[in-house]
Amino acid sequence: QQKVQQSPESLTVSEGAMASLNCTFSDGTSNNFRWYRQHSAKGLEVLVSIFSDGEKEEGRFTAHLNRANLHVSLHIREPQPSDSAVYLCAVRTSGGNYKPTFGKGTSLVVHP
Amino acid sequence: NSKVIQTPRYLVKGQGQKAKMRCIPEKGHPVVFWYQQNKNNEFKFLINFQNQEVLQQIDMTEKRFSAECPSNSPCSLEIQSSEAGDSALYLCASSLYPEEQYFGPGTRLTVL
């Protein structure tokens with residue numbers, strides 16, 4: 001069964017400093033990776049999806065995937081206080097009836 | 001962003017009471033998911049549908065939980081006899097393609 005772990009559990013950065021979040025997964029056949037942001041127990045906002053090794057950028061958010069290392073990361077360039085939220089990693093394998101496995105999230109606080 | 005609608009946003013019930021929440025997926029999305037997110041940010045998949053048919057559901061769902069997605073009506077998730085441990089954020093998501101999943105804002109259930 002897929003296991004998805006995120007680190008760190010919480011992260012505090014200053015406004016403008018790069019924020020880096022990590023996600024490891026256990027199933028090497030995983031082929032669909034998505035980062036979400038969740039403000040104060042609200043719905044999930046899609047940030048970036050990535051399907052192949054390498055890098056994918058969406059605005060200030062960049063995902064890096066290395067499937068050999070079972071690792072996907074999210075980098076937030078020039079974070080702002082409004083980026084303070086929980087960031088969730090979701091990993092899906094093919095044939096999973098559309099159903100991804102979520103990590104427990106990283107709580108990010110951005111100080112002005 | 002997401003156009004998934006969930007109602008109500010907040011629901012308070014006593015133990016043993018019935019709790020019902022609704023979800024309108026994005027137009028044209030045939031696949032609907034229900035997740036339970038607890039206070040530790042852990043996501044628990046409950047059930048998913050493709051059109052009106054159940055694709056997968058967990059054992060918990062088969063006992064006190066029931067869900068349906070009738071044609072031309074909102075999808076619903078109902079807990080027959082609420083327990084304190086059911087207090088959580090219930091998230092509905094819809095999907096057109098396997099790679100994508102769009103979430104609603106959730107229904108926050110509190111069981112007193």
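Does region A:27-48 hold any residues that are more than 10 Å from A:Ala85 (Cβ to Cβ) and among the basic types (Lys, Arg), and which are they?
The answer is A:Arg34, and nothing else.
Would you check if there is a residue in region B:86-101 being at pLDDT 90 or above, out of contact with any strand residue (DSSP E or B) (no Cβ under 6 Å at 6 or more places or on another chain) and surrounded by fewer than 22 Cβ atoms within 10 Å (Cβ to Cβ)?
Looking through region B:86-101, none of the residues is at pLDDT 90 or above, out of contact with any strand residue (DSSP E or B) (no Cβ under 6 Å at 6 or more places or on another chain) and surrounded by fewer than 22 Cβ atoms within 10 Å (Cβ to Cβ).
Can you pull out the residues in region A:18-40 that are surrounded by 13 or more Cβ atoms within 10 Å (Cβ to Cβ) and in a loop (DSSP other than H, G, I, E, B)? It would help to see each step written out before you state the result.
Within region A:18-40, the subset surrounded by 13 or more Cβ atoms within 10 Å (Cβ to Cβ) is A:19-27, A:30-39.
A:Ser26, A:Asp27, A:His39 - these are the residues of region A:18-40 that are surrounded by 13 or more Cβ atoms within 10 Å (Cβ to Cβ) and in a loop (DSSP other than H, G, I, E, B).
Against the conditions (1) assigned to a loop (DSSP other than H, G, I, E, B); (2) in contact with an Asp or Glu (Cβ under 7 Å, 6 or more places away or on another chain), where does B:Leu109 fall short? Just the number, please.
All conditions pass for B:Leu109, except number (1).
Evaluate region B:26-35: report whether one residue or more is basic (Lys, Arg), over 26 Å from A:Tyr87 (Cα atoms) and outside any strand (DSSP E or B).
In the first step, residues of region B:26-35 are kept if they are basic (Lys, Arg); the result is B:27.
Subset that is over 26 Å from A:Tyr87 (Cα atoms): B:27.
From the residues that got through so far, the ones that are outside any strand (DSSP E or B) too are B:27.
The answer is yes, given that some residue of region B:26-35 is basic (Lys, Arg), over 26 Å from A:Tyr87 (Cα atoms) and outside any strand (DSSP E or B).
Using beta carbons and a limit of 7 Å, which pairs, at least six apart or on different chains, have the first residue in region B:5-16 and over 8 Å from B:Thr110 (Cα atoms) and the second one of a type in the set (Gly, Ala, Ser)?
B:Ile5/B:Gly104; B:Gln6/B:Gly104; B:Gln6/B:Gly106; B:Gln15/B:Ser82; B:Gln15/B:Ala84; B:Gly16/B:Ser81; B:Gly16/B:Ser82
The values are calculated or read from the model by the stated rules, or taken from the named source; none is laboratory data. Predicted model, so just to flag it, every value in this text is computed and none were measured. Methodologically, a virtual Cβ is constructed for each residue, glycine included, from the backbone with ideal geometry; neighbour enumeration extends over all protein chains shown.
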